[in-house]
Amino acid sequence: MMAGVGGGNDFQWCFSQVKGAIDEDVAEADIISTVEFNYSGELLATGDKGGRVVIFQREQESKNRLLSRGEYNVYSTFQSHEPEFDYLKSLEIEEKINKIRWLPQQNAAHFLLSANDKTIKLWKISERDKRAEGYNLKDEDGRLRDPFRITTLRVPVLMPMDLMVEASPRRIFANAHTYHINSISVNSDYETYLSADDLRINLWHLEITDRSFNIVDIKPANMEELTEVITAAECHPHQCNVFVYSSSKGTIRLCDMRAAALCDRHSKFFEEPEDPSSRSFFSEIISSISDVKFSHSGRYMMTRDYLSVKVWDLNMENRPVETYQVHEYLRSKLCSLYENDCIFDKFECCWNGSDSAIMTGSYNNFFRMFDRNTRRDITLEASRENSKPRAMLKPRKVCTGGKRKKDEISVDSLDFNKKILHTAWHPKENVIAVAATNNLYIFQDKVN
Amino acid sequence: MLGKGLKRKLEQEEENDVMSCPQDASPTCYWLQRQTVLNLSLLKLHSRPGHSDPGLARRVLITNTLRHIQDELRGEGGPIPQPFPSTGAPLGVVDGCRERPADCGVEVQSEGSLTPVSRLEEDRHLLLCLSPSISRQQPPSSSVIKDSFTSALAEIEDLCPTVGITTLFTTEMGRSLTSDPNSRQTHPDLSEMNSGLDSVSSLSDSALSVFGHTPSLLTDFSLDDFLFTEIDSLLFDNVPCGSSLSASSGASKVVSMVTDDLVKTLTGYGNGGTSQSALPSNQTFKLDLNELDHIMEVLVGS
């Protein structure tokens with residue numbers, strides 16, 4: 001058995017929980033479209049195609065249950081976005097949540113940003129576990145009392161009540177994006193954040209909703225000359241003036257907001273020269289970057305394109321320092337994947353808390369993890385068959401040709417409808433959340 | 001074809017073989033894949049996926065793929081009835097000027113600028129001309145056309161061997177259809193054809209909604225001209241399949257006529273423009289309504 005990835009040699013990934021409906025018929029609205037842990041890892045948020053946000057909270061570890069860490073239970077559910085209609089273009093604006101980003105916690109309440117194609121909303125999630133009783137002017141059921149009958153005054157008393165978690169929209173940042181929002185990222189100053197669509201990136205102040213600064217604009221004067229779009233953007237985790245954005249041509253630009261108001265000119269330009277021997281009709285499409293993530297340290301960034309994950313050193317622009325093949329066996333199937341549109345799937349990637357491992361999804365409900373130190377990699381599957389509590393996950397292998405060994409699965413038997421696009425890693429512990437269509441799987445390491 | 005873990009069938013195996021041909025294998029394989037990619041790209045650009053905005057990134061990627069193929073075809077030189085494969089360089093090798101230099105953020109053409117739209121359109125119609133003619137000249141080692149689009153085109157040609165080039169696209173752009181197949185300028189633009197489809201679709205949305213709208217990336221600068229002159233000829237003057245379609249309703253009549261024009265144009269190219277400008281008599285045009293429907297289904301990828 002392969003030594004574990006992500007935390008040392010005694011490491012094994014085990015099933016912990018699965019959330020979501022079991023039946024085969026998946027409602028489109030239930031498909032999970034984003035997953036994100038908050039800064040402490042206590043909360044885990046998911047967004048779905050139906051515009052809903054579900055937040056799970058980790059229960060406190062109890063001394064009785066030593067074999068597993070705290071489980072995640074539903075904490076709050078709310079409808080974040082509704083479908084809208086753009087009358088000018090006669091097009092529907094989907095309510096699908098493209099991204100959720102948490103704000104760092106500054107008081108008892110939790111704040112997150114959720115974005116669909118056009119609008120970003122700041123939500124406040126707060127707890128209420130006390131209720132005031134003993135009002136003077138109204139009864140317990142809310143009816144107004146007749147003032148002439150009030151003979152004494154009393155001070156209302158706070159009485160405990162069942163915990164209620166309320167989500168309320170505190171800010172709505174709308175009408176700033178002509179194209180579809182693909183990324184939002186909170187700045188390290190905790191006052192501003194950026195939002196990126198296909199052609200523009202805007203900088204917002206969290207308190208101000210009626211305007212934003214446009215900091216990147218790659219729209220050409222003549223749209224027919226458009227050959228490249230923005231695919232993802234992220235703020236640097238420590239330097240509040242630095243952000244990066246990736247493109248559909250496989251390039252990443254790092255920009256410094258101190259240099260100019262409009263950051264059309266990059267400070268650094270990251271691109272790996274193309275390997276001429278592997279050129280095909282689909283070279284550009286598979287080079288399109290679907291996700292970019294800074295490491296927690298801020299020294300590296302990771303990009304995901306269709307077939308691989310690359311780790312870049314911010315000080316070296318001409319090539320990545322590490323490249324990991326996610327599913328190279330698909331290279332010979334690109335034409336079919338182009339036909340059925342799978343080649344346009346946007347996979348995300350994530351770092352673990354210590355930046356020693358990275359994770360990304362694949363097809364057939366497989367997801368892959370790469371240990372940067374040992375260079376080991378592992379393929380695991382999110383499926384109900386492995387869903388006994390604390391069941392260890394067995395590594396999976398795809399057979400690329402020749403004789404198929406037992407337990408291997410051949411490339412042509414892969415289910416391309418079961419794709420893992422969204423994964424998240426707990427910021428401090430070895431707990432991962434994997435979204436498989438409408439189900440959310442939570443795996444954790446085996447506690448010895 | 002790659003689906004829910006079902007066992008592959010034999011024709012899928014063959015198709016997968018085609019798709020997975022390495023580039024430096026037979027040029028036929030490469031040509032076939034290129035043709036497939038070309039057809040798929042065109043289909044994708046013209047299909048409208050639902051009521052929401054299909055997404056700019058996807059369209060840009062498909063359009064770029066199409067442009068790469070156009071560049072290749074242009075770089076290989078002369079169009080139509082070149083015996084295949086007679087180009088000097090092996091087709092699997094990418095022309096040096098198209099490799100992206102490492103320090104260049106935006107892909108540049110050899111002339112250092114993006115392909116002007118007018119050149120782009122020249123080549124798109126060229127590709128459409130190329131499709132039927134190349135498919136008629138079967139590559140030596142392949143006897144079965146595996147791609148549905150190409151096979152549909154082949155069917156069309158089989159059915160209409162003598163239909164000449166339509167008069168539809170004459171004069172308005174100062175171009176006339178001559179019998180010289182090698183001259184690019186004489187053939188009408190695909191954009192004109194698109195805008196023709198667009199303008200007709202604006203007239204009868206229900207019947208023509210399958211055509212979708214021309215992607216904004218590709219111009220239809222002749223739309224105005226086309227609207228005011230060609231519509232008339234399109235709707236009222238063209239009766240190539242009048243007898244078989246006269247019984248159909250107005251909407252479907254328009255549909256049939258448009259498809260018919262498409263068919264005629266394709267076949268016209270396929271013939272290398274050998275026929276004269278006047279349409280032959282209706283009797284030789286044997287497509288009936290069922291086959292037109294079939295063609296439409298193939299074209300819009302339903």
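The values are calculated or read from the model by the stated rules, or taken from the named source; none is laboratory data. For clarity, every value in this text was computed on a predicted model and none was experimentally measured. Reconstructed Cβ throughout: ideal geometry from the backbone, glycine too, with neighbour counts over all protein chains shown. Areas reflect the complete protein model, heavy atoms only, side chains present, ligands, DNA and RNA absent. Shrake-Rupley method; radii C 1.70, N 1.55, O 1.52, S 1.80 Å.
Give region A:338-354 a look and list any residue that's open to solvent by less than 20 Å² (accessible area, probe 1.4 Å) and under 17 Å from A:Phe37 (Cβ atoms), or say none. Scanning region A:338-354 gives A:Glu348, A:Cys349, A:Cys350, A:Trp351, A:Asn352.
Let's see how each residue does on (1) among the acidic types (Asp, Glu); (2) modelled with pLDDT of 95 or more; (3) buried (at least 23 other Cβ atoms within 10 Å of the Cβ); (4) closer than 21 Å to A:Tyr338 by Cβ:
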site: A:Lys219; (1), (2), (3), (4): no, yes, no, no
site: A:Ile230; (1), (2), (3), (4): no, yes, yes, no
site: A:Phe243; (1), (2), (3), (4): no, yes, yes, no
site: A:Ile252; (1), (2), (3), (4): no, yes, yes, no
site: A:Asp291; (1), (2), (3), (4): yes, yes, yes, yes
site: A:Ser295; (1), (2), (3), (4): no, yes, no, no
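The number of residues in region A:31-68 that are modelled with pLDDT of 95 or more and surrounded by fewer than 16 Cβ atoms within 10 Å (Cβ to Cβ) comes to 2. Does region A:402-420 hold any residues that are open to solvent by less than 40 Å² (accessible area, probe 1.4 Å) and within 28 Å of the chain's Cα centre (by Cα), and which are they? Residues satisfying the conditions are A:Val411, A:Leu414, A:Asp415, A:Phe416, A:Ile420. When restricted to residues that are surrounded by 10 or more Cβ atoms within 10 Å (Cβ to Cβ) and among the hydrophobic types (A, V, I, L, M, F, W, C), region A:119-159 contains 9.
Taken over region A:410-448, the criterion of being under 19 Å from A:Leu334 (Cα atoms) and among the aliphatic types (A, V, I, L, M) is satisfied by A:Val411, A:Leu414, A:Ile420, A:Leu421. Consider region A:223-246 and keep the residues that are within 11 Å of chain B (Cβ to nearest Cβ) and of a type in the set (A, V, I, L, M, F, W, C). The one that is nearest to A:Ser188 (Cα to Cα) is A:Ala232.
Counting only residues that are open to solvent by less than 80 Å² (accessible area, probe 1.4 Å) and within 14 Å of chain B (Cβ to nearest Cβ), which one in region A:69-89 is nearest to A:Cys235 (Cα to Cα)?
A:His81
For region A:118-157, a residue qualifies if it is under 30 Å from A:Ile100 (Cα atoms) and outside any strand (DSSP E or B), and the qualifying residues are A:Lys118, A:Thr119. Scanning region A:90-116 for residues that are more than 17 Å from A:Glu191 (Cα to Cα), buried (at least 22 other Cβ atoms within 10 Å of the Cβ) and over 14 Å from the mean Cα position of the chain (by Cα) yields one hit, A:Glu94.
On the stretch given as region A:305-337, residues that are assigned to a strand (DSSP E or B) and either surrounded by 20 or more Cβ atoms within 10 Å (Cβ to Cβ) or acidic (Asp, Glu) (or both) total 7.
Annotation note: of A:Pro147, A:Pro156, A:Pro169, the sole residue that is over 30 Å from A:Thr423 (Cβ atoms) and touching a Phe, Trp or Tyr at 6+ places or on another chain (Cβ under 8 Å) is A:Pro156.
Select from region A:355-401 the residues that are at positive phi and at pLDDT 90 or above and write down the one among them that is surrounded by the fewest Cβ atoms within 10 Å (Cβ to Cβ). For region A:355-401, the residue satisfying everything is A:Arg375. Looking across region A:192-222 at every residue that is assigned to a loop (DSSP other than H, G, I, E, B) and out of contact with any Leu (no Cβ under 6 Å at 6 or more places or on another chain), the one that is farthest from the other protein chains (Cβ to nearest Cβ) is identified as A:Glu207.
How many residues are in contact (Cβ under 8 Å) with a residue 12 or more places away in the chain, in a loop (DSSP other than H, G, I, E, B) and not hydroxyl-bearing (Ser, Thr, Tyr) if we restrict to region A:249-267?
9
Each row is one residue, and each column tells you yes or no for (1) more than 13 Å from chain B (Cβ to nearest Cβ); (2) not in a strand (DSSP E or B).
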site: A:Phe269; (1), (2): no, no
site: A:Pro273; (1), (2): no, yes
site: A:Ile289; (1), (2): no, yes
site: A:Gly298; (1), (2): yes, yes
site: A:Thr303; (1), (2): yes, no
